[in-house]
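The values are calculated or read from the model by the stated rules, or taken from the named source; none is laboratory data. Given the structure is predicted, the values throughout are model-derived calculations rather than measurements. Neighbour counts are summed over all protein chains in view; Cβ atoms, including those assigned to glycine, are modelled from backbone coordinates with ideal geometry.
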């Protein structure tokens, strides 16, 4: 893939402010790893702020509006051997109201569920664990 630069992705771990995280199960129509559970993500569009991208993607994927957005980390995501996918992923913790959440992209997801961090489903998407670990490293007082 020489000559092609990395893309920028905004990854979001949605939470309810009470300790649970929202994960989506990827459907047969998902780009990769169908049947795995994942947090949300979307590409940053030209001229868009990180917060605007996260807000847009949370609305598109989950039909909810963010109540709080906090940047919690950055990942350099190289996939394939040889590398055929390169993303710079900015990871955000996003508080949403559980009663607002619904599947907004049924062609990508077939289930949405809330989980306690110590009771996560399997299998997780190959990129989900590191984002959840960044979320878990946050001090609970800082979420809100």
Note to self: Tell me the residue from 30, 97 that is in contact (Cβ under 8 Å) with a residue 24 or more places away in the chain, exposed (fewer than 13 other Cβ atoms within 10 Å of the Cβ) and out of contact with any helix residue (DSSP H, G or I) (no Cβ under 9 Å at 6 or more places or on another chain), please.
What the structure shows: 97
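For the stretch 100-120, does any single residue satisfy the condition of being free of Cβ contacts under 8 Å to residues at least 24 places away in the same chain, part of a loop (DSSP other than H, G, I, E, B) and closer than 16 Å to residue 21 by Cα?
The first filter runs over the stretch 100-120 and keeps only residues free of Cβ contacts under 8 Å to residues at least 24 places away in the same chain, leaving 118-119.
From what's left, part of a loop (DSSP other than H, G, I, E, B): 118-119.
Okay, now just the ones that are also closer than 16 Å to residue 21 by Cα, so 118-119.
Yes, because at least one residue in the stretch 100-120 is free of Cβ contacts under 8 Å to residues at least 24 places away in the same chain, part of a loop (DSSP other than H, G, I, E, B) and closer than 16 Å to residue 21 by Cα.
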Margin query: If a residue must be surrounded by 14 or more Cβ atoms within 10 Å (Cβ to Cβ), within 14 Å of the chain's Cα centre (by Cα) and either closer than 13 Å to residue 11 by Cβ or modelled with pLDDT under 95 (or both), how many such residues does the stretch 109-128 contain?
Written below: 3
Check: When you go through (1) in contact with a helix residue (DSSP H, G or I) (Cβ under 9 Å, 6 or more places away or on another chain); (2) surrounded by 14 or more Cβ atoms within 10 Å (Cβ to Cβ) one by one for residue 19, which number turns out not to apply?
Finding: (2)
Notebook entry, point to check: For residue 90, which of the numbered conditions (1) loosely packed, with under 15 Cβ neighbours inside 10 Å; (2) more than 14 Å from residue 15 (Cβ to Cβ); (3) at pLDDT 95 or above fails to hold?
Noted result: (1)
Notebook entry, point to check: Does residue 70 satisfy the criteria of being closer than 15 Å to residue 11 by Cβ and in contact (Cβ under 8 Å) with a residue 24 or more places away in the chain?
Noted result: yes
Notebook entry, point to check: Looking at this structure, is residue 63 modelled with pLDDT of 95 or more, closer than 24 Å to residue 97 by Cβ and surrounded by fewer than 20 Cβ atoms within 10 Å (Cβ to Cβ)?
Noted result: yes
